[in-house]
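The values are calculated or read from the model by the stated rules, or taken from the named source; none is laboratory data. Note that the structure is a prediction, hence the values are computed from the model and not measured. Surface areas here come from the heavy atoms of the whole protein model, side chains and all, with no ligands, DNA or RNA. Shrake-Rupley method; radii C 1.70, N 1.55, O 1.52, S 1.80 Å.
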Amino acid sequence: QVQLVESGGESVQSGGSLRLSCGASGDPISYYCMGWFRQAPGKEREGVANFDTDNTTTYADSVKGRFTISQDNAKSTVYLQMNSLKPEDTAMYYCAAKSLPCSLDSSAYNNWGQGTQVTVSS
């Protein structure tokens with residue numbers, strides 16, 4: 001089991017950057033696939049990126065080239081660097097963990113943080 005707490009969300013203008021953090025406690029995050037998800041009002045929760053136990057990464061097409069997921073196992077923290085932000089990136093962003101195999105399907109995860117709000121204005 002791992003407990004997750006997101007931080008770093010705020011309001012930013014289009015084209016700006018933010019870095020989200022997900023601090024973990026409990027099991028080492030290296031045991032898990034770690035994912036970032038987002039959910040906008042009235043929309044389904046969607047996978048943004050994940051960091052696999054073999055250190056490979058996967059991104060949704062909508063964020064490729066703009067977002068980067070990284071992980072610092074010593075600090076038990078997962079990051080999501082978001083660059084070139086667009087209004088359509090506005091959402092509540094969640095960190096999540098699951099055992100293998102990795103997935104960008106939110107329904108496959110049952111270990112979630114509380115979320116942090118990202119708002120991108122035009």
Practice item. Please report, as a whole percent, how much of the solvent-accessible surface of the chain comes from carbon and sulfur atoms (probe radius 1.4 Å). Key: 44
Check your understanding: For the chain, what's the relative contact order in percent, using C-alpha pairs closer than 8 Å and at least 6 residues apart?
Key -> 37
Check your understanding: For the chain, what is the percent of antiparallel DSSP beta bridges, rounded to the nearest 5?
Key -> 95
Check your understanding: Quick one: length gained pulling Ser25 to Glu88 fully straight, 0.36 nm per residue minus the C-alpha distance?
Key -> 19.6 nm
Check your understanding: Pairs of lysine in the chain with Cα under 21 Å and at least 8 positions apart or on different chains: total?
Key -> 4
